[in-house]
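These notes concern the structure reproduced below.
Derivation of every value follows stated rules applied to the coordinates shown; laboratory data play no part. Since this is a predicted model, take the numbers as computed values, not measurements. Positions of Cβ are generated from backbone atoms using ideal geometry, with glycine treated the same way; all protein chains shown enter the neighbour counts.
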Amino acid sequence: MRGSVKLFNIFGISINIHVTFLLLLVFFLSGGIKWLALIIGVFCFVTLHEVCHSLMARYYGIEVRQITLLPIGGIASMSSMPEKPVQEFFISIVGPLFNIAVIVIFYNPMKSLLGTEVLFHRPLSTATWPLTLSYLYWINLMLAAFNLIPAFPMDGGRVLRSLLAGRIGYVKATKFAVGLGHIFAVGFAYFGIVNVNIVLIAIAIFIYMAASNERHQVDVREDLSKFKIGE
């Protein structure tokens, strides 16, 4: 992805950061050091989320070249898409499951460290460092829930396609999931405009364009599959 800078390698996968991510850091730095620490922590979890996708893809023989961190999240660049619905299901679901696992595994340690009052303090806040740590902990639940929204090509949308593909076929399942993704994209754009939320608008644009692009790829692949090389 153009405009990306390599940070490091993990499991042989290049972890890159897009230059637009720096704008996000500057924005949150204006809110104080705790907000900056929070956003860095969030993208550490986002990176691990994408690494889980990548490792599962490798298990199925799909090469993963790099993971790029953007202001709207992370993107794993895979050499190809999974060929079987069951492969897409597990590759897609493992990311959110990682975030849920963090919530479950660290619940008792966080409760002991911060106390019930801080851990369950509402609204989430960065007023103190303990509250910031609590915020970062619950972010994992938000990441899991958000990614499981059936808005293709997000994780939830891909899980939906994989479940439908076995019943109605890959092409029809893709069209249905893409259509639902477009509906969510329009909804995100509306709420983003009403609430002046630039990140939500950016997510809406990404979902709409990425969903449309993948539907186009599936249509082309389906059309080409009807011809022989000689033809």
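Details
- The set of residues in region 89-129 that are of a type in the set (S, T, N, Q) and more than 18 Å from VAL159 (Cα to Cα) comprises ASN108, SER112, THR116, SER125, THR126, THR128.
- The condition (being closer than 25 Å to ARG215 by Cβ and either out of contact with any helix residue (DSSP H, G or I) (no Cβ under 9 Å at 6 or more places or on another chain) or of a type in the set (A, V, I, L, M) (or both)) is satisfied by just one residue among HIS18, HIS53, HIS49: HIS18.
- Among the numbered conditions (1) surrounded by fewer than 19 Cβ atoms within 10 Å (Cβ to Cβ); (2) on the phi < 0 side of the Ramachandran plot, the only one that GLY3 does not meet is (2).
- Of all residues in region 12-50 being touching a residue at least 40 places away in the same chain (Cβ under 8 Å) and over 19 Å from the mean Cα position of the chain (by Cα), the one that is nearest to SER79 (Cα to Cα): LEU23
- Scanning region 59-69 for residues that are over 15 Å from the mean Cα position of the chain (by Cα) and in contact (Cβ under 8 Å) with a residue 40 or more places away in the chain yields a count of 2.
- Checking each residue in region 18-35 for being part of a helix (DSSP H, G or I) and hydrophobic (A, V, I, L, M, F, W, C) picks out PHE21, LEU22, LEU23, LEU24, LEU25, VAL26, PHE27, PHE28, LEU29, ILE33, TRP35.
- Taking the criterion of being hydroxyl-bearing (Ser, Thr, Tyr) and under 28 Å from the mean Cα position of the chain (by Cα), the residues of region 109-127 that qualify are SER125, THR126.
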